[in-house]
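Here the structure is laid out as structure tokens; the discussion comes afterwards.
The values are calculated or read from the model by the stated rules, or taken from the named source; none is laboratory data. For clarity, every value in this text was computed on a predicted model and none was experimentally measured. Glycine gets a Cβ as well: all are built from the backbone with ideal geometry, and neighbour counts include every protein chain shown. Keep in mind that these areas ignore ligands, DNA and RNA; they rest on the heavy atoms of the full protein, side chains included. Shrake-Rupley method; radii C 1.70, N 1.55, O 1.52, S 1.80 Å.
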2 protein chains.
Amino acid sequence: MEHVTVPPLSRLAICGGTHGNEMSGVYMVREMQKHKDARAGSVAITTVMSNPRAVDACRRYIDKDLNRCFTDALLSSPITDSTPYELLRAKELNDQLGPKGGAGAVDLLCDIHNTTANMGLCLIFYSLDWVTLHIYKYIQSKMTTPVRAIQLDIPLSEAYSLESVGKYGFAIEVGPQPGGVVRADIFNMVKEAVDLTIEWLQRFNSGETFDGGEVEAFSPVQTVDYPRDPTTNEITAAVHPQLQDNDFKLLQPGDPTFLSFSGETMRHEGAALYPFFVNECAYYEKKIAYQLAKKITLTFPSISVKKD
Amino acid sequence: MEHVTVPPLSRLAICGGTHGNEMSGVYMVREMQKHKDARAGSVAITTVMSNPRAVDACRRYIDKDLNRCFTDALLSSPITDSTPYELLRAKELNDQLGPKGGAGAVDLLCDIHNTTANMGLCLIFYSLDWVTLHIYKYIQSKMTTPVRAIQLDIPLSEAYSLESVGKYGFAIEVGPQPGGVVRADIFNMVKEAVDLTIEWLQRFNSGETFDGGEVEAFSPVQTVDYPRDPTTNEITAAVHPQLQDNDFKLLQPGDPTFLSFSGETMRHEGAALYPFFVNECAYYEKKIAYQLAKKITLTFPSISVKKD
């Protein structure tokens, strides 16, 4: 693949509290805001508490999931008296850190999330993006715990997450951590990933060339809901103990998936795929017990900064 | 110790959803309510969803922690327009299952709770109570996972939890499980404890004598708050990785307790004690990072049913 050059990446936004009960980002942002110097060498860092009202309430959101509000359609929708708080906040964040798709947007936007699923540290990004893939490979090569990537395949206009507001962006998703709880081990993983991102940006801006290569990523294929009572819609089974906590371990046809509250086991049908977001708290309401992905290989070119 | 006889224990209440985001009890009660026959031999079973509004909202409580509302003072307080929902509900539950301290109360009240702490299955009870200790020993002898007891030392009039409404009562506290999540392994532990409780009651009512003996229990000594910023009151440190998930493992002087977000380790001072409720989600607002207990040995007499 041909070598790629990209203009300097000098404006970084670190966001937390986009979901108000995901505490790694809340405490990461608070900690970074204590230190007045918001510049690390060639990188100017903006730290943002994305959803302060939800953080105060220690809830995922107040009116509406903020991290589903950043589509072009929602960002350009008119404001009325009944506009949900999170949509107003999305427009504010788009003004501060974007505009999405515009020349004034921050160069890189990292949004910190937690999951109750045993996913370790994952980067989630929307499309093939050489900068993000290089940062992913850099973080992966430096951390001792597994680091995985999930690549969504959504056009930018329909991308609904905060990180889509930056010129480049990814979510840092780390678990398992219960809502409302901060775990030191998870916090330290997030801190390491943020520090490595800043380090990569500084080395990139200073003119270093990063070799091309390839990485594995997970590409979502389908979602699976909990078994539910057709009348009440209440769930009738929990994720099976053999699937629980086994995110990213290949789920084969016939493997147990659910254990009903009366004791029956349900099993996986169809192709062998990789489960993730297994038993994530916030996805009960979205009717997702787990997602399934195929593993893909992404090849990317060498990269360096574009000189003026 | 002298043999003890107790009148038949024929009325059992199983309560769940006292905290609306602790899902084992919510699903246990829903599952039991599907089966019309609410009698198991000599035992009539009442199942109660304690805080249905909080369950619907998937929150611990709406206005006030329901499981702090069952003191004599609160139960007898006058109702006004500003009475919190949970206090109204506490009075309803006291009417249905009590009255607390009265002859009409259910014989045994089991209230099901979850914690984000790695506490396994615990029974929590207020005072020396032969019935509860026998049931505890019975459950412990039958389950393959550790079962522990926590004995609070609070007079009945000041006892604030739902289980204090029954003639006998205990909370079943199981973790780790995030709020809003149901785990099959945790659900199955709760189900086994409930089934064994019913089994013991049937055997007791049928005239079986249960031998006396002794059991270990944990007696709370103090609570420890998170380190906090004196100005903002925000926490400045997480539970240390060496303490996290190590509930009931003896904490020695000098052992790490907290790791600040800037990287400093804090250590335990004072006597060696047993930590529990380590990093429980709901206790951040109660200013409790963990509790400390001493281990005690409780001796109890043999018991059988009092014949008319």
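If you check B:His240 against the conditions, is it within 11 Å of chain A (Cβ to nearest Cβ), surrounded by 12 or more Cβ atoms within 10 Å (Cβ to Cβ) and at pLDDT 95 or above?
yes
Regarding region B:288-299, can at least one residue be identified that is on the phi > 0 side of the Ramachandran plot, open to solvent by less than 50 Å² (accessible area, probe 1.4 Å) and touching a residue at least 60 places away in the same chain (Cβ under 8 Å)?
no
Hey, can you tell me all the residues within region A:220-237 that are open to solvent by 20 Å² or more (accessible area, probe 1.4 Å) and closer than 24 Å to A:Val174 by Cβ?
Within region A:220-237, A:Pro220, A:Val221, A:Gln222, A:Thr223, A:Val224 meet the criteria.
Quick check on region A:33-44. Is at least one of its residues surrounded by 19 or more Cβ atoms within 10 Å (Cβ to Cβ), closer than 18 Å to A:Asp195 by Cα and touching a residue at least 60 places away in the same chain (Cβ under 8 Å)?
yes
Suppose the filter is within 27 Å of A:Gln151 (Cα to Cα), surrounded by fewer than 16 Cβ atoms within 10 Å (Cβ to Cβ) and in the same structural domain as A:Thr115 (by TED's automatic domain parsing); does A:Thr209 pass it?
Yes, satisfied.
Here is a list of conditions, (1) open to solvent by less than 40 Å² (accessible area, probe 1.4 Å); (2) of a type in the set (Asp, Glu); (3) out of contact with any Phe, Trp or Tyr (no Cβ under 9 Å at 6 or more places or on another chain), and A:Asp247 meets all of them except one; can you say which number that is?
A:Asp247 satisfies every listed condition except (3).
Got at least one residue in region B:78-96 being farther than 27 Å from B:Phe300 by Cβ, touching a His at 6+ places or on another chain (Cβ under 6 Å) and touching a residue at least 24 places away in the same chain (Cβ under 8 Å)?
no
With respect to B:Phe125, is the statement that it is under 30 Å from A:Glu285 (Cα atoms), in contact with a strand residue (DSSP E or B) (Cβ under 7 Å, 6 or more places away or on another chain) and open to solvent by less than 10 Å² (accessible area, probe 1.4 Å) true?
no
Restricting the search to region B:133-179, which residues are within 14 Å of chain A (Cβ to nearest Cβ), out of contact with any Lys or Arg (no Cβ under 9 Å at 6 or more places or on another chain) and surrounded by 22 or more Cβ atoms within 10 Å (Cβ to Cβ)?
If the condition is that a residue be within 14 Å of chain A (Cβ to nearest Cβ), out of contact with any Lys or Arg (no Cβ under 9 Å at 6 or more places or on another chain) and surrounded by 22 or more Cβ atoms within 10 Å (Cβ to Cβ), then B:Val174, B:Gly175, B:Pro178 are the ones that fit.
Would you kindly identify the helices (runs of 4 or more DSSP H) lying entirely within region B:1-94 that contain at least 1 residues that are within 30 Å of A:Ala237 (Cβ to Cβ) and within 14 Å of chain A (Cβ to nearest Cβ)?
Qualifying helices (runs of 4 or more DSSP H): B:23-34, B:52-57.
Out of all the residues in region B:103-136, which are touching a residue at least 60 places away in the same chain (Cβ under 8 Å) and part of a helix (DSSP H, G or I)?
Matches in region B:103-136: B:Trp130, B:Val131, B:Leu133, B:His134, B:Ile135, B:Tyr136.
Would you check if there is a residue in region B:193-213 being within 14 Å of another protein chain (Cβ to nearest Cβ), at pLDDT 95 or above, over 20 Å from A:Asn114 (Cβ atoms) and out of contact with any helix residue (DSSP H, G or I) (no Cβ under 7 Å at 6 or more places or on another chain)?
Looking through region B:193-213, at least one residue is within 14 Å of another protein chain (Cβ to nearest Cβ), at pLDDT 95 or above, over 20 Å from A:Asn114 (Cβ atoms) and out of contact with any helix residue (DSSP H, G or I) (no Cβ under 7 Å at 6 or more places or on another chain).
Quick one: would you say A:Asn279 is of a type in the set (S, T, N, Q) and at positive phi?
So A:Asn279 fits the description; yes.
Only one of these conditions is not met by A:Lys100: (1) without any contact (Cβ under 8 Å) to a residue 60 or more places away in the chain; (2) open to solvent by 20 Å² or more (accessible area, probe 1.4 Å); (3) more than 14 Å from chain B (Cβ to nearest Cβ). Which number is it?
Of the numbered conditions (1) without any contact (Cβ under 8 Å) to a residue 60 or more places away in the chain; (2) open to solvent by 20 Å² or more (accessible area, probe 1.4 Å); (3) more than 14 Å from chain B (Cβ to nearest Cβ), the odd one out for A:Lys100 is (1).
Within region A:45-64, track down each residue that is in contact (Cβ under 8 Å) with a residue 60 or more places away in the chain and surrounded by 16 or more Cβ atoms within 10 Å (Cβ to Cβ).
Within region A:45-64, A:Ile45, A:Ser50, A:Cys58, A:Arg60 qualify.
Among the residues of region A:287-296, is there at least one that is within 12 Å of another protein chain (Cβ to nearest Cβ) and within 20 Å of the chain's Cα centre (by Cα)?
Yes: one or more hits.
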